[in-house]
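Note sheet for the following structure.
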Amino acid sequence: MRTVTLSAGVILASLPFVANAQETLSFSSEFVVELQNDYTYDSDDPAAELNDTFLTIEGAFSLAYGNSSLNASTVIEPIVDPVDDRFIEDHGLFFEELFFAHDFRGVEIILGKFNPEFGFAWDAAPGIYGVDFAEDYELTERLGGAVNIPVLNGEHNLHFALFQADRTILSDSFGKERGQTNILAGGPSNTNSPASFSTSLSGTFGNAEYNLGFQHQQRGDGDVNDQNGTVAGVIYDFGVVNVVAEVAFFHGFEGTSDDALYTTLGASVPLGPVTFSGVYSMRDVERAPTDRLFTVSGEYGFTDNVSASLGYRFGDEGGVESQTFGTLIVVEF
């Protein structure tokens, strides 16, 4: 969860090397650095009232030759949640993705460790805290393959992925160790073979961007059920107001016998150099209290590459109400 963030992005230009008259070898990289502070100043749980400052550093790398490429993404972030006031501690480095990709005349295949597509509220919800609940169902760090097929003149994309949870050494982290994933830990898609899959259709219609998705994640060791999930989301630009809405439903959530429903509704309005946004999210897991999240943020753009944000978060999670204040400074190159 992100409460106060200072981030900087560095994009290094591609460096082309001529291999022959037809093909070009190129390397590109992108870095995003965030310094974030979470200040929870009021909570029904006194232990949750703390100040947490930490770094998040994301790097993306691509070595391409012709229609083929080797891609990697790395993340440095805190590996464990804070238990007291914390200042840049408990950080670990891990590979979120490491995969080979090839483009067959528009149809792309992916093999390796990657993030299958499922929903977009975990990335598209506005503000500092808008993504907090939707991040629960983001699919990351899966091992297997995927195919992306453009349809209807490339304005829409059909994505299909076959995968399992990554249990290689890449599932561990360097620095603060999170531990290599073990099959005995169970959990959706933590299986001996790629027995899980997801499929999604996304694209645009005029001012609307949409996504529809389905996932089946095979039960892991000790789990009760397979996890099946569906998601539907839309982003619509009304000209003055930009709206994001997404609903996701799961049966056998996290390998249990419970169903779960997630809803996210957000809106952002630019007024001069300031963009105001708000998000309401709900997380309703069977046999558990219904969680609710309300956030508001204001983002000021100093230049095209520098902005600052202030945000407020009210969360009712597990029957515990908490209030958090945050700031965010973003610098992009």
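Within segment 233-255, is there a residue that is within 28 Å of GLY203 (Cα to Cα), at pLDDT below 95, among the aliphatic types (A, V, I, L, M) and outside any strand (DSSP E or B)?
Yes; the residues of segment 233-255 include at least one that is within 28 Å of GLY203 (Cα to Cα), at pLDDT below 95, among the aliphatic types (A, V, I, L, M) and outside any strand (DSSP E or B).
Is at least one residue of segment 108-120 under 20 Å from ILE76 (Cα atoms), modelled with pLDDT of 95 or more and of a type outside the set (A, V, I, L, M, F, W, C)? Spell out the reasoning first.
Of the residues in segment 108-120, the ones under 20 Å from ILE76 (Cα atoms) are 113-115.
So of that shortlist, the ones also modelled with pLDDT of 95 or more come out as 113-115.
If we keep only those that are of a type outside the set (A, V, I, L, M, F, W, C) as well, we get 113, 115.
Checked against the condition, which is being under 20 Å from ILE76 (Cα atoms), modelled with pLDDT of 95 or more and of a type outside the set (A, V, I, L, M, F, W, C), segment 108-120 yields at least one hit.
Identify all residues within segment 318-333 that are among the charged types (D, E, K, R) and within 20 Å of the chain's Cα centre (by Cα); write none if there are none. If you could, list the steps in order and put the result at the bottom.
Just the residues of segment 318-333 that are among the charged types (D, E, K, R), to begin with: 321, 332.
Across segment 318-333, the qualifying residue is only GLU332.
Is there any pair with a first residue in segment 53-73 that is modelled with pLDDT under 90 and a second that is open to solvent by less than 20 Å² (accessible area, probe 1.4 Å) whose Cβ atoms are under 9 Å apart and which are 6 or more apart or on different chains, and what are they?
So the pair list comes out as THR56/THR5; THR56/SER7; THR56/GLN36; THR56/VAL75.
For the subset of segment 1-47 comprising residues that are at pLDDT 75 or above and among the β-branched types (Val, Ile, Thr), which member is farthest from GLU317 (Cα to Cα)?
THR24
If I ask for residues that are among the hydrophobic types (A, V, I, L, M, F, W, C) and under 23 Å from SER171 (Cβ atoms), which ones from segment 110-130 would you list?
Within segment 110-130, ILE110, LEU111, PHE114, PHE118, TRP122 meet the criteria.
For segment 311-325, which residues satisfy the criterion of being touching a residue at least 40 places away in the same chain (Cβ under 8 Å), out of contact with any Lys or Arg (no Cβ under 7 Å at 6 or more places or on another chain) and surrounded by 16 or more Cβ atoms within 10 Å (Cβ to Cβ)?
Listed by number, the residues that qualify are GLY311, ARG313, GLY315, SER322, PHE325.
Read through the list (1) modelled with pLDDT of 90 or more; (2) under 29 Å from GLY301 (Cα atoms), then give the number of the only condition that ASP81 fails.
Going through the list (1) modelled with pLDDT of 90 or more; (2) under 29 Å from GLY301 (Cα atoms), ASP81 breaks only (2).
Of all the residues that make up segment 185-209, how many are more than 30 Å from GLU155 (Cα to Cα) and either touching a Gly at 6+ places or on another chain (Cβ under 8 Å) or in contact (Cβ under 8 Å) with a residue 40 or more places away in the chain (or both)?
So the count comes out to 7.
Are any residues in segment 142-171 surrounded by fewer than 18 Cβ atoms within 10 Å (Cβ to Cβ), of a type in the set (D, E, K, R) and under 23 Å from THR74 (Cα atoms), and if so, which ones?
Residue satisfying the conditions is ARG167 alone.
So, of the residues in segment 192-204 that are open to solvent by less than 70 Å² (accessible area, probe 1.4 Å) and part of a loop (DSSP other than H, G, I, E, B), which turns out to be nearest to THR256 (Cα to Cα)?
ALA195
Testing GLU209 on (1) farther than 30 Å from VAL330 by Cβ; (2) crowded, with 16+ Cβ neighbours inside 10 Å; (3) of a type in the set (Asp, Glu), one condition comes back false. Which one is that?
(1)
Got a sec? Which of ARG292, ARG283 is open to solvent by 40 Å² or more (accessible area, probe 1.4 Å), among the basic types (Lys, Arg) and either touching a His at 6+ places or on another chain (Cβ under 6 Å) or more than 23 Å from PHE54 (Cβ to Cβ) (or both)?
When all the criteria are applied, what remains is ARG292.
Here are SER297, SER307: which of them is crowded, with 17+ Cβ neighbours inside 10 Å, assigned to a strand (DSSP E or B) and in contact (Cβ under 8 Å) with a residue 40 or more places away in the chain?
SER297
Taking into account only those residues within segment 260-274 that are in contact with a strand residue (DSSP E or B) (Cβ under 6 Å, 6 or more places away or on another chain), open to solvent by 50 Å² or more (accessible area, probe 1.4 Å) and part of a strand (DSSP E or B), which is farthest from VAL244 (Cα to Cα)?
Only one residue fits best here, namely LEU261.
Restricting attention to segment 172-191, and to residues there that are in a loop (DSSP other than H, G, I, E, B) and among the β-branched types (Val, Ile, Thr), which single residue is most open to solvent (accessible area, probe 1.4 Å)?
THR181
Consider only pairs whose beta carbons are under 7 Å apart and that are at least six residues apart or on different chains; among these, list those whose first residue lies in segment 238-252 and is over 13 Å from VAL279 (Cβ atoms) and open to solvent by 70 Å² or more (accessible area, probe 1.4 Å) and whose second residue is among the acidic types (Asp, Glu) and at pLDDT 95 or above.
Sorted first by the residue in segment 238-252, then by its partner, the pairs are HIS251/ASP259.
The values are calculated or read from the model by the stated rules, or taken from the named source; none is laboratory data. Everything numeric here is computed off the predicted structure, so don't read it as measured data. Cβ sites come from the backbone with ideal geometry, for glycine too, and all protein chains shown count toward neighbours. Please note that ligands, DNA and RNA were not included when accessible areas were found on the heavy atoms of the full protein model with its side chains. Shrake-Rupley method; radii C 1.70, N 1.55, O 1.52, S 1.80 Å.
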